[in-house]
Amino acid sequence: MAPRRATLYVVPVLPALLALAVLLIAATVWGAVTTARLRTARADSAAAAAAADTAQAAAAEADARAEREAAAAVAAATRADAAEQRARTEQARALDAEARAKLEWDRAASAERRADVAAAEAEQAATEAARAAQRADGAEAALDAARRTLDPEGLWLFERRRLGRLWRDWVSVTLDGTPPVPAAAGIDALRIGVDILAAASREECGVPIDVRWALEPDLVLDTAQVLVVLRAAEELVATARRTSGGDLAVERDDADLVVSLTTEAGQLVASDLLPASTSLGWRVAATDSVLTVRLPGIVATAH
């Protein structure tokens, strides 16, 4: 009976052992699978981590590239703005240069117009100058002719001829005598000329005129001055002929020569003597019996 019981105890242990073995195997398999899965998961996790790191590095690189590109874009924009500003500046300079060029062109055109006007005016002025020169030449020629006509030396020749005729007609005892008037005008010629005028008055009209000289012996008068004094003396002699006679005085008063006629009271003075004398700068004064002709400055200009 005992061996039977042993069999009965043996039979239940085997299945348990088998089950245990199966469990061990299953556990081993599951552990291996789990380990493999864990390893795979770890590998996947590492790969994922590596991928994440790679992605992060790529993202960082992308960010860096983005920042560099953004900085490059900013720099490019800045350069573009600077280029645009330079372009605007250059355009403004070009416009200013164009405006200045136009202004200079206008100025040049205006200057050219002024130059044309000036050239025309200069040409007209040259024409007028040529005409003026011709007129001046004509005037100078006329003046030379007038100077020759009014030349004191030439006039003295005619005055000497006139005094000579007067002397021959009324003073000389013969008609063919030689007049005493010297060829050269001077103080001696003046004395002789006035004496001839006074003598002719006496012989022609019967009016005696006494001549009194109060001049320095060495006084020098040129031809023109002699002619002036003779003309003044002749006017007074002509006045004396309307009277019964008188005294004619020729004297010096500082720089003036004074020719005076003293006659009886109530002498008649020609009405045109005063304006004619004034036109020459002579100063005429008349009292009841004295007629005076003052020749201003004639001694001061004597040689």
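The values are calculated or read from the model by the stated rules, or taken from the named source; none is laboratory data. Here the structure is a predicted model, which is why all the values come from computation and not from measurement. Don't worry about glycine lacking a Cβ; one is built from the backbone with ideal geometry, like all the others, and counts go over all protein chains shown.
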_Give all pairs with beta carbons closer than 6 Å in which a residue from the range 265-292 that is in the same structural domain as SER244 (by TED's automatic domain parsing) meets a residue that is in a loop (DSSP other than H, G, I, E, B) and of a type in the set (Lys, Arg); count only pairs at least 6 apart in sequence or on separate chains._
LEU268/ARG242
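Output the residues belonging to the range 200-222 that are surrounded by fewer than 18 Cβ atoms within 10 Å (Cβ to Cβ) and touching a residue at least 60 places away in the same chain (Cβ under 8 Å). Reasoning before the result, please.
Of the range 200-222, the ones surrounded by fewer than 18 Cβ atoms within 10 Å (Cβ to Cβ) are 202-206, 208, 210-220, 222.
Result: LEU219, VAL220, ASP222.
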*asked:* Condition (residue is part of a loop (DSSP other than H, G, I, E, B), touching a Cys at 6+ places or on another chain (Cβ under 8 Å), touching a residue at least 24 places away in the same chain (Cβ under 8 Å) and closer than 14 Å to ALA198 by Cβ) applied to the range 234-241: is it met by at least one residue?
replied: yes
*Quick one: how many residues across the range 251-303 are among the acidic types (Asp, Glu) and outside any strand (DSSP E or B)?*
4
*Could you figure out which of (1) surrounded by fewer than 13 Cβ atoms within 10 Å (Cβ to Cβ); (2) out of contact with any strand residue (DSSP E or B) (no Cβ under 6 Å at 6 or more places or on another chain); (3) more than 19 Å from LEU215 (Cβ to Cβ) isn't true of ALA285?*
(2)
_Every residue from the range 247-303 that is acidic (Asp, Glu) and more than 53 Å from the chain's Cα centre (by Cα)_ = ASP247, GLU251, ASP253, GLU264, ASP272, ASP288
